[in-house]
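Notes follow the structure.
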Amino acid sequence: MADQIFHVFRGDAKGGDLKEYAVPPMEGMVVLDAMHHIQAHFDSTLACRWNCKAAKCGSCSAEINGKPRLMCKTRVDDFHGAPITVRPIKVFPLLKDLVTDVSWNYRVNKEIPPFTPSAEDARSKEWRMTPLDVERLFEFRKCIECFLCQDVCHVLREHHGTDRYYGPRFMVRIAALEMHPKDTLTRTDLLAGKGGIGYCNITKCCEEVCPESIHITDNAIIPLKERTADDHFDPWRALLRAFGGRKEPRGT
Amino acid sequence: MADWYDERQYDVLIVGAGGAGLRAAIAAADGGVSVGLVCKSLLGKAHTVMAEGGIAAALGNVDSQDNWEVHFGDTMRGGQMINDYRMVEFFAKEAPERVYELEHWGGLFDRTPDGRILQRPFGAHTYRRLCHVGDRTGLEMIRTLQDKAIHCGIDVHMEVTLTRLLKDGDRIAGAFGYVRETGRFVVFRAKAVVLATGGWGKLYKVTSNSWECTGDGCAMAYEAGAELMDMEMVQFHPTGMVWPPGVKGILVTEAVRGEGGILRNSEGERFMERYDPVKKDLSSRDVVARSIYKEVQAGRGTPHGGAWLEITHLDAEAIKRKLPSMWEQFHKLADIDITKSPMEVAPTIHYVMGGVRVEAGTGQSTVPGLFAAGEVAAGLHGANRLGGNSLSDLIVFGKRAGEHAAQYVKGVSGMPRVDDAQADEERTLLRRPFEGDGSENPYAVHEGLQAIMAEHAGIARTGEGLQQGLDKLLALQARAERLHVGGSMLFNPGWHECRDVRFMLTLAEAIFRCAIERRESRGSHWRLDFPDQNADWGQKNMIAVKENGRMAVRTRPVPQMPPELAKLVQGQTVVKSVR
Ligand SMILES: Cc1cc2nc3c(=O)[nH]c(=O)nc-3n(C[C@H](O)[C@H](O)[C@H](O)COP(=O)(O)OP(=O)(O)OC[C@H]3O[C@@H](n4cnc5c(N)ncnc54)[C@H](O)[C@@H]3O)c2cc1C
Ligand code: SF4
Ligand code: SF4
Ligand code: FES
């Protein structure tokens, strides 16, 4: 079999270019294997992130032939011998080669008020939650923080909106907290304000790239938008919220 | 302080942000001291994120007969009696509390119909004991701890690699390393250091481990004078992927067998019936791994030298629900639909039972101020770790180490002195691959090491083979004095590999030296020239320690259980080696 040609972005914030590498093919090879081959045999300075090589840690995000994907989950033979271009994800500032500065995401996460059970629940040792109570949350909890959804969200990507919108990843995170049967906080003020949920216009681009197949818009963002609207435009609910203490159960 | 490094200062420095490091950080912060946490990767990416099958804790939710005493017995038998029984006792008693705590911090587990945490069976656990979330338990655990930790007032330093522990006389004074992004050197001054750096599966080529598992913490502890224990005990998980070559070693979780998966040889025979008629496919890992190895040796292996693991007799929807990432992994990476065809599997390096010797209750090593928890610490698992016992190990002993480190620093007056000469020596070592006249490629040396480990320190060992391996290793260590890389210090993987490789070469030496001495077969250590368990050796732990600049190996008596605990281990026979 002929060598597989890769065009890999090499450079840093100051600039850079694609560089060509011919990598010997191997059965079942994924793009990450090729990057490792380049490091071990051609150029050990090629910077990329990875941890698990099993699509579980979300470290190896890149744009492969223009499409945001995990390098460890992208089979080389899917491209049928055509050259493969690998670039860093675009939405975050470039550090070097395929590595970007994703620290903004960690700052956002810290702004989200953490899981907060009631005082009574905090005291009791064992909780009862039925399978039905928790199963819809599992989808959100599957997020591996690959930030591919952040990469394609046009609020962040085209409009450089990191100062306005937390991005789909953190809508998923907030949804997991808001819909947790034992959580007592309401985060709709944050969503309406700093979180910027209003900027999302439900194009679903994020959903398309999620390697965990999380229905980001249908199951997280739309219900959160509804809650936010309720809380902000429905005085009756706002009153309930002020005096009720516990969150009343709400739809999806 | 010199101007060529940055300086940070904490009461307690935690090295590692896997389950153990995060839990230790939370506990230390709870103790009211300042805490810094350092990790090589981004937060939330540590090896722990890959754990799949579950976390072992005797909640008794599914099998009400389960309790800490049974868990104690299973763990001691699983470890073939060279475990530190005091650690096992803390562990079995405290694991349930630690699991409930995760739930109180927002973690979510699969549930029983009446709303409690669901538990699944795993190898050599008497009852259904593994709390889980499908097959992504590690992710759930790390996310829960991560989200808890970032609100605890600790400082997190991501993508920073520490390479040397600093000492003030006998005691710990902090650690030295570099920032990956910039290559800038950094000194962390601290009164206590908790190592939670995980294992060293990357010594081997066929491994389920992430890139971080190069044993840095263990090697740093050794350099700082700590004792390493039971280094010969390296776990082969019986089921790793074997085909295609790109995926070789990736784990096939034990949960597949927990959910009813069956191993067969090329003749279709359920061979575990022969090796362990009672527990069969759910026997302990050492036994199953060896059995697969024996089948392949006997010519009954699969096309790529493994066994078939079949779960097709279960309902397709149930498989996808209970083992979603396994389904996806085989579908994506190997073009196999596991609801229709069997998986081809073979043993893969997975876990290390050996590591830094610590005091059972506190996690303190023999170096004052140096603590260790999680996979880097030794003692809990003895000669073989039971599945699911690692995740509970992380939170039980992570918490204990963090707590005791905080307590310890309260008794330390003033910041220990940092000796710039130590930092300078390490800087020289780190920079040598750029400056010296060496010509060795660190990746080639790493491959060389993996070849030696595979040939001489694999699943089946002999004294002669181990000695040959050690000789080759010493020659490779000499080659590693002449590493060379190009480029700058900015995010330079080749340069990072240079230090990692040297750590691995140190630990490999400890594995060989301990394995040569242990003249018996026990747990994961299978000696063809001493195929039986030996009662005398069953009373000994191996210790490797640096003395006069060289590695010395000796033994240490296994702590003897009081009768009331010894009683808990009887009842069921210890499965003997598969000869
Ligand atoms: C595929 C797979 C499945 C598994 N499934 C299970 C399971 O179902 N149940 C179970 O109980 N166990 C399981 N295990 C085992 C378990 O996941 C590990 O033993 C455990 O996660 C180790 O955790 P740790 O906190 O000790 O270290 P790790 O999670 O390995 O974390 C080590 C940390 O130390 C940091 N570090 C290392 N060196 C340095 C350095 N030099 N400087 C700075 N930081 C450093 C790393 O960056 C990282 O943050 C599984 C393992 C694998 C690979
Ligand atoms: S649906 Fe919303 S979050 Fe998703 S990409 Fe579009 S704007 Fe961004
Ligand atoms: S929601 Fe999906 S795409 Fe976004 S970070 Fe999580 S796993 Fe990645
Ligand atoms: S390496 Fe972990 S997701 Fe690709």
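The values are calculated or read from the model by the stated rules, or taken from the named source; none is laboratory data. Everything numeric in this text was worked out from a predicted model, so none of it was measured. Neighbour counts are summed over all protein chains in view; Cβ atoms, including those assigned to glycine, are modelled from backbone coordinates with ideal geometry.
Quick one: which residue in A:Pro93, A:Pro117 is more than 16 Å from ligand 3 (Cβ to nearest atom) and under 26 Å from B:His157 (Cβ atoms)?
A:Pro93
Checking the condition within 14 Å of another protein chain (Cβ to nearest Cβ) and more than 30 Å from B:Lys320 (Cβ to Cβ), which residue from A:Pro88, A:Pro83, A:Pro131 passes?
Step by step, each of A:Pro88, A:Pro83, A:Pro131 is checked, and only A:Pro88 is within 14 Å of another protein chain (Cβ to nearest Cβ) and more than 30 Å from B:Lys320 (Cβ to Cβ).
B:Val252: within 14 Å of chain A (Cβ to nearest Cβ) and either under 30 Å from B:Ser34 (Cβ atoms) or at pLDDT below 95 (or both), yes or no?
Yes; evaluated as a whole, the condition is true for this residue.
Mind checking which residues of the range B:162-196 are away from chain A (no Cβ under 14 Å), within 30 Å of A:Lys110 (Cβ to Cβ) and not aliphatic (A, V, I, L, M)?
Answer for the range B:162-196, where residues must be away from chain A (no Cβ under 14 Å), within 30 Å of A:Lys110 (Cβ to Cβ) and not aliphatic (A, V, I, L, M): B:Thr163, B:Gly174, B:Phe176, B:Gly177, B:Tyr178, B:Phe185, B:Phe188, B:Arg189, B:Lys191.
Taking the range B:319-348 as the search range and keeping residues that are without any contact (Cβ under 8 Å) to a residue 12 or more places away in the chain and more than 22 Å from A:Gly58 (Cβ to Cβ), which one is nearest to the other protein chains (Cβ to nearest Cβ)?
So, considering only residues that are without any contact (Cβ under 8 Å) to a residue 12 or more places away in the chain and more than 22 Å from A:Gly58 (Cβ to Cβ), the one nearest to the other protein chains (Cβ to nearest Cβ) is B:Asp335.
What number of residues in the range A:207-216 are more than 16 Å from ligand 4 (Cβ to nearest atom) and in contact with a Leu (Cβ under 8 Å, 6 or more places away or on another chain)?
Of the residues in the range A:207-216, 0 are more than 16 Å from ligand 4 (Cβ to nearest atom) and in contact with a Leu (Cβ under 8 Å, 6 or more places away or on another chain).
Within the range A:203-221, is there a residue that is within 12 Å of ligand 2 (Cβ to nearest atom), touching a helix residue (DSSP H, G or I) at 6+ places or on another chain (Cβ under 9 Å) and hydroxyl-bearing (Ser, Thr, Tyr)?
Within the range A:203-221 (the criterion being within 12 Å of ligand 2 (Cβ to nearest atom), touching a helix residue (DSSP H, G or I) at 6+ places or on another chain (Cβ under 9 Å) and hydroxyl-bearing (Ser, Thr, Tyr)), the answer is yes, since at least one residue qualifies.
Out of all the residues in the range B:508-525, is one or more in contact with a Leu (Cβ under 7 Å, 6 or more places away or on another chain), among the small types (Gly, Ala, Ser), in contact (Cβ under 8 Å) with a residue 60 or more places away in the chain and in a strand (DSSP E or B)?
No, because not a single residue in the range B:508-525 is in contact with a Leu (Cβ under 7 Å, 6 or more places away or on another chain), among the small types (Gly, Ala, Ser), in contact (Cβ under 8 Å) with a residue 60 or more places away in the chain and in a strand (DSSP E or B).
From B:Gly32, B:Gly60, B:Gly106, B:Gly115, which residue is in a loop (DSSP other than H, G, I, E, B), more than 16 Å from ligand 3 (Cβ to nearest atom), without any contact (Cβ under 8 Å) to a residue 24 or more places away in the chain and at positive phi?
Answer to the check: B:Gly115.
Scan the range B:156-170 and tell me whether some residue there is surrounded by 21 or more Cβ atoms within 10 Å (Cβ to Cβ), closer than 25 Å to B:Ile55 by Cβ and touching a strand residue (DSSP E or B) at 6+ places or on another chain (Cβ under 7 Å).
Yes.
Considering only residues that are within 15 Å of the chain's Cα centre (by Cα) and more than 9 Å from every other protein chain (Cβ to nearest Cβ), which ones fall in the range A:91-104?
Listed by number, the residues that qualify are A:Val91, A:Phe92, A:Thr100, A:Trp104.
In the range A:35-62, how many are at the interface with another protein chain (Cβ under 7 Å from one of its Cβ atoms), of a type outside the set (A, V, I, L, M) and closer than 18 Å to A:Leu18 by Cα?
Of the residues in that region, 3 qualify.
Would you pick out the residues in the range A:1-59 that are in a loop (DSSP other than H, G, I, E, B), among the hydrophobic types (A, V, I, L, M, F, W, C) and surrounded by fewer than 20 Cβ atoms within 10 Å (Cβ to Cβ)?
Matches in the range A:1-59: A:Met1, A:Ala2, A:Ala13, A:Met26.
Kindly check whether there is at least one residue in the range B:70-77 that is among the β-branched types (Val, Ile, Thr) and surrounded by fewer than 20 Cβ atoms within 10 Å (Cβ to Cβ).
no
Quick one: count up the residues across the range A:81-133 that are farther than 25 Å from A:Ile144 by Cα and either of a type in the set (Asp, Glu) or in a helix (DSSP H, G or I) (or both).
6
Among the residues of the range B:463-497 satisfying the criterion of being closer than 28 Å to B:Met233 by Cβ and touching a residue at least 60 places away in the same chain (Cβ under 8 Å), which is nearest to the other protein chains (Cβ to nearest Cβ)?
B:His496
So, in the range A:143-188, how many residues would count as being charged (D, E, K, R), over 24 Å from A:His232 (Cβ atoms) and either within 16 Å of ligand 1 (Cβ to nearest atom) or away from chain B (no Cβ under 13 Å) (or both)?
Within the range A:143-188, residues that are charged (D, E, K, R), over 24 Å from A:His232 (Cβ atoms) and either within 16 Å of ligand 1 (Cβ to nearest atom) or away from chain B (no Cβ under 13 Å) (or both) number 4.
Does B:Phe397 qualify as being part of a strand (DSSP E or B) and closer than 29 Å to B:Gly538 by Cβ?
It is false that B:Phe397 is part of a strand (DSSP E or B) and closer than 29 Å to B:Gly538 by Cβ.
Can you work out which of the residues in the range A:138-175 that are in a loop (DSSP other than H, G, I, E, B) and among the hydrophobic types (A, V, I, L, M, F, W, C) is surrounded by the most Cβ atoms within 10 Å (Cβ to Cβ)?
Step by step, filter the range A:138-175, then rank; the result is A:Cys153.
Kindly check whether there is at least one residue in the range A:144-156 that is within 24 Å of A:Ala229 (Cα to Cα), modelled with pLDDT under 95 and away from ligand 3 (no atom under 12 Å from the Cβ).
yes
Suppose we filter the range A:66-80 for residues that are in a loop (DSSP other than H, G, I, E, B), away from chain B (no Cβ under 11 Å) and closer than 14 Å to A:Leu32 by Cα; how many remain?
Residues that pass the stated criteria total 0.
For the range B:119-158, give me each residue that is on the phi > 0 side of the Ramachandran plot and modelled with pLDDT of 95 or more.
B:Gly153
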